[in-house]
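Chemist: Dropping a structure here in structure tokens format, bear with me for questions.
Every number in this text was worked out from the coordinates using simple rules, so none of it is lab data. Source: prediction; values computed, not measured. So basically every Cβ, Gly included, is an ideal-geometry build from the backbone, and we count neighbours across all protein chains shown.
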Amino acid sequence: MRRIYMDANATTPVLPEVVDAMRPFWSDEFGNASSIHQPGQRARTAVDRARASVAALLNCRAAEVVFTSGGTESDNMALFGLLAPGDHLITSSIEHHAVLHAAEELMQRGVEVTFLPCTPEGVVEVAALEAALRPNTKLVSVMLANNETGVIQPVLELADRAHAAGALFHTDAVQAAGKLALDVAGLGCDLLSISGHKMYAPQGMGALFVRRNVRLKPMFFGGLHERGRRPGTENVAGIVGLGKAAELARKWLSDDVSSGMDSPQGLAALRDRLEQRILGAVAEAGINGGGVSRVANTSNLYFDHVEAEALVIALDLKGLAISGGSACQSGATEPSHVLTAMGLSEARARASVRFSLSRLTTEEEVDLAVELVPAAVARLRELSPKRQPLALSR
Ligand code: PLP
């Protein structure tokens with residue numbers, strides 16, 4: 001069976017160029033980057049080069065990049081590194097759990113936390129932030145692109161308001177890195193998180209941009225790695241992979257329309273084709289967050305009277321991998337906190353699925369998905385107990 005992967009927001013494939021760049025650091029070049037002998041120095045040079053590449057992607061200084069184990073650690077480092085009891089944190093109700101659950105834990109430790117609402121399109125509004133700022137607001141953390149809907153947040157405006165009130169600004173850019181041009185100066189943020197496995201580098205690898213002069217309490221204690229901000233022997237191969245992925249992302253983002261489908265514009269065209277054709281073939285369906293700016297690869301669609309989980313499984317059986325809009329926690333499937341924050345009914349949130357294309361997605365794959373999805377939805381609707389009375393009353 002032909003397998004089609006449309007779950008790039010969960011994880012991306014590691015690009016062959018990234019694997020090639022990493023390979024020597026698992027074998028011949030196995031040195032510890034802290035050792036002073038030559039193998040160690042070669043590892044150090046590779047780490048430095050990767051740091052420069054990530055800095056180029058973010059348009060910051062190399063010394064402002066801290067390598068971490070991924071997006072979750074970067075987010076936690078930003079929040080726990082800055083906030084102490086008595087401080088006020090403002091974040092949003094549509095953040096990833098890496099921020100939301102960290103904020104809840106901070107609340108237990110005496111930090112005041114405000115969760116900003118969002119509009120029905122999934123945008124966190126500047127006016128809501130302005131109303132929430134307090135004299136003791138130390139940090140505002142709002143993501144750049146939402147992982148479920150792809151909706152882009154007005155980070156520059158939010159950061160401006162935070163700064164005007166004397167607070168620092170962090171953005172979780174995990175779902176924006178490699179999809180949007182990221183310029184920490186242009187975005188106005190003091191801290192920014194990225195994750196390797198959302199941008200064609202390996203899982204378990206990430207980075208946090210920390211603006212010069214922003215002091216973070218370390219989360220771990222040990223050696224002086226990463227300028228004492230994140231002790232622990234560097235994951236040299238992972239760092240090299242992230243550096244290579246950052247280089248490739250920069251090149252991809254700078255390609256213009258002339259480079260065809262393998263460009264940001266090409267990806268957006270594929271996503272739009274997927275949406276238009278599916279919605280053209282299925283009634284009682286629509287886009288969550290479709291009326292505002294989104295990253296090019298993400299499409300969150302609802303199909304009323306269909307359980308997302310059943311649709312994900314039905315499509316998986318046909319070879320198409322997508323994801324449900326709900327998270328499975330402690331055995332119970334909860335409707336997505338993002339979609340419910342947008343005001344979707346629980347039923348519609350449970351009827352929503354996410355398609356997230358990758359830079360490797362082809363037009364042919366989109367066309368196959370466009371055949372599979374309406375057929376699976378129709379089949380599930382036939383079986384839907386909620387649909388039975390309607391069918392019988394006709
Ligand atoms: N932030 C966002 C927006 C994400 O989508 C994810 C992962 O899905 C994370 C943070 C966590 O990143 P990681 O899986 O690298 O820990």
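Chemist: If one computes the Cα centroid of segment 153-213 and of segment 279-326, what distance in Å separates the two points?
Modeler: Here the answer is 28 Å between Cα centres.
Chemist: Residue 26 versus residue 310, label points 7 Å from Cα toward the beta carbon: distance in nm?
Modeler: For residue 26 paired with residue 310, the spin-label model returns 4.2 nm.
Chemist: Helix 363-383 against the longest principal axis of the chain: what's the angle in degrees, Cα atoms only, rounded to the nearest 10?
Modeler: Result, in degrees: 50.
Chemist: Mean separation of Cα pairs under 8 Å and 6+ residues apart, divided by the residue count of the chain: what relative contact order is that in percent?
Modeler: 21
Chemist: Kindly identify segment 147-253 as rounded, prolate or oblate by the Cα gyration tensor criterion: order the square roots of the eigenvalues as a ≥ b ≥ c, call it rounded if a/c is under 1.5, otherwise compare a/b with b/c, prolate if a/b is larger, else oblate.
Modeler: Values: a/c = 2.17, a/b = 1.12, b/c = 1.94.
The shape class here is oblate.
Chemist: Once you put a point 7 Å from the Cα of residue 272 and another 7 Å from the Cα of residue 37, both along the Cβ direction, what distance in nm separates them?
Modeler: Using points 7 Å along Cα→Cβ, the separation is 5.8 nm.
Chemist: On to the next question. With runs of 4+ DSSP H residues as the only contributors, calculate the mean residue ellipticity of the chain at 222 nm using -39,500 (n - 2.57) per run, divided by the residue total and rounded to the nearest 500.
Modeler: Value at 222 nm, helices only: -12000 deg cm²/dmol.
Chemist: Taking neighbour Cβ counts within 10 Å as the exposure measure, how do 101, 337 sort from fewest upward? Don't skip to the answer; put the middle values down first.
Modeler: On the way: 101 14, 337 18.
Taking fewest neighbouring Cβ atoms as first place, the list is 101, 337.
Chemist: Could you tell me how many degrees, from 0 to 90 and to the nearest 10, lie between the Cα long axis of helix 38-58 and the main elongation axis, the longest principal axis, of the Cα atoms of the chain?
Modeler: Helix 38-58 sits roughly 50 degrees off the main axis of the chain.
Chemist: Evaluate the distance, in nm, between pseudo-label points positioned 7 Å from the Cα of residue 183 and of residue 379 along their respective Cα→Cβ axes.
Modeler: Here the answer is 4.9 nm between the modelled labels.
Chemist: With just the Cα atoms of the chain, tell me how far they stretch along each of the three principal axes, in Å, largest first.
Modeler: Reported extents, whole Å, longest axis first: 78, 52, 42.
Chemist: Another one. Hey, what angle do you get for helix 155-164 against the long axis of the chain, alpha-carbon based, 0 to 90 degrees rounded to 10?
Modeler: Around 50 degrees separate the two axes.
Chemist: Could you line up 211, 354, 2 from fewest to most neighbouring Cβ atoms inside 10 Å?
Modeler: Fewest-to-most Cβ neighbours within 10 Å comes out as 2, 211, 354.
Chemist: May I pose another question? Considering only DSSP beta bridges whose two residues both sit in the chain, what percent are antiparallel, to the nearest 5? Don't jump to the answer; show the numbers that get you there.
Modeler: Numbers: 24 of 43 bridges.
If we restrict to bridges inside the chain, about 55 percent are antiparallel.
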